[in-house]
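Asker: Please read through the structure below; I'll follow up with questions.
The values are calculated or read from the model by the stated rules, or taken from the named source; none is laboratory data. As the structure is a computational prediction, the values presented were derived from the model and not from experiment. When we count neighbours, we look across all protein chains shown, and the Cβ atoms used for this are built from the backbone with ideal geometry, even at glycine.
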Amino acid sequence: MQEILKDIDKFGNERPWRDKKLANLTYAEYLRVLAFKKAYNVKECGNVLTFRKMAEKGSQGQLKLYQTWFCHGRLCPMCNWRRRIKQSGELKQILSEAVKREPKGRFIFLTLTEKNADSEDLKQALRDMTKAFTKLMNYKKVKQNLLGYVRSTEITVNDERGDYHQHMHAILFVKANYFNNAYIPQKEWVKLYQRARKLDYAPSVRVEVIKPNKEKGKNSLVASAYETAKYQVKDSDVITGETERDLKVVEVLENALKGTRAIAFGGILKGIRHELGFDSKKKEDDLINADGNSAEETVEEVVAKWDSVRKNYFWV
Ligand SMILES: [Zn+2]
């Protein structure tokens, strides 16, 4: 009898291959019903997984994904899981390099929120929001102390109202001077963003100072990095099991997200990202080595395949 795939990470947690594959299949089915051409490709995402077994002590027997085919779909639960691991890992490296170069620099975490958008306005709202962010970063008051930034967009679905809540998270890396004589209070951030976004109401802006010495938890750099680099849309907002509702959401989000960037960098954070090679096409598309390249020696290759009848991965 064939054995089921078990892939345990270094913290002892099982990697969610099966759950992600099941969600991927639901997503692919929605795309098929909606007559998206990529439905067939999405369905093939991560079907055959080739792993290498690590040899070194400490992670003995641990698996490292070596080869597979990912569909890169924007809403694909499988790809989004890999993307999240990859982006937060890279972001942590970029931020720690930035601290090395500008040890006096400080981090601020911004959340910019506006009124929800209806399905037909979402695409335009996302575009306007990112434009407004660039404008905001270029206001003299902000720019004079800005070393770099990373921003991401997130969308949640409001089922009660049937609309979408689009908002932005950003980590700003600023000169120490910002806290001395060029401090921007929260109320002023609201005004600046209102102007940049050309709104006739005051948007909600949350400003938090990231505590440089805090290892984890609220206001730590790690937590802010995770918040910025996570999913653009939560799986559970796309797949609820209510087919009619989900179909509508998939259709709206597929169209709204097309051609947009989930995460973008500016200033020295952009420079460091480039130096580390994270912005090359090859690296950007690499969801296989999402958790980085391992220097550890590997002893053997093992292959697991998705079985569509038994709905699980089995070792070949
Ligand atoms: Zn995928």
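Asker: If I go through region 127-168 residue by residue, how many of them are within 30 Å of I239 (Cα to Cα), among the hydroxyl-bearing types (S, T, Y) and crowded, with 18+ Cβ neighbours inside 10 Å?
Answerer: The number of residues fulfilling the criteria is 3.
Asker: I would also like to ask the following. Where in region 169-252 are the helices (runs of 4 or more DSSP H), entirely inside, with at least 3 residues that are within 23 Å of the chain's Cα centre (by Cα) and either surrounded by fewer than 15 Cβ atoms within 10 Å (Cβ to Cβ) or of a type outside the set (V, I, T) (or both)? Spell out how you get there, then give the answer.
Answerer: On the way: elements: 177-180, 186-197, 221-229, 235-238.
Once the helices (runs of 4 or more DSSP H) in region 169-252 are filtered for at least 3 residues that are within 23 Å of the chain's Cα centre (by Cα) and either surrounded by fewer than 15 Cβ atoms within 10 Å (Cβ to Cβ) or of a type outside the set (V, I, T) (or both), what remains is 221-229, 235-238.
Asker: All but one of (1) part of a loop (DSSP other than H, G, I, E, B); (2) within 19 Å of E300 (Cβ to Cβ) hold for R52; which doesn't?
Answerer: Condition not satisfied by R52: (1).
Asker: Moving on. When you scan region 67-80, do you find a residue that is away from the ligand (no atom under 16 Å from the Cβ), modelled with pLDDT of 95 or more and part of a helix (DSSP H, G or I), even just one?
Answerer: Just the residues of region 67-80 that are away from the ligand (no atom under 16 Å from the Cβ), to begin with: none.
Looking through region 67-80, none of the residues is away from the ligand (no atom under 16 Å from the Cβ), modelled with pLDDT of 95 or more and part of a helix (DSSP H, G or I).
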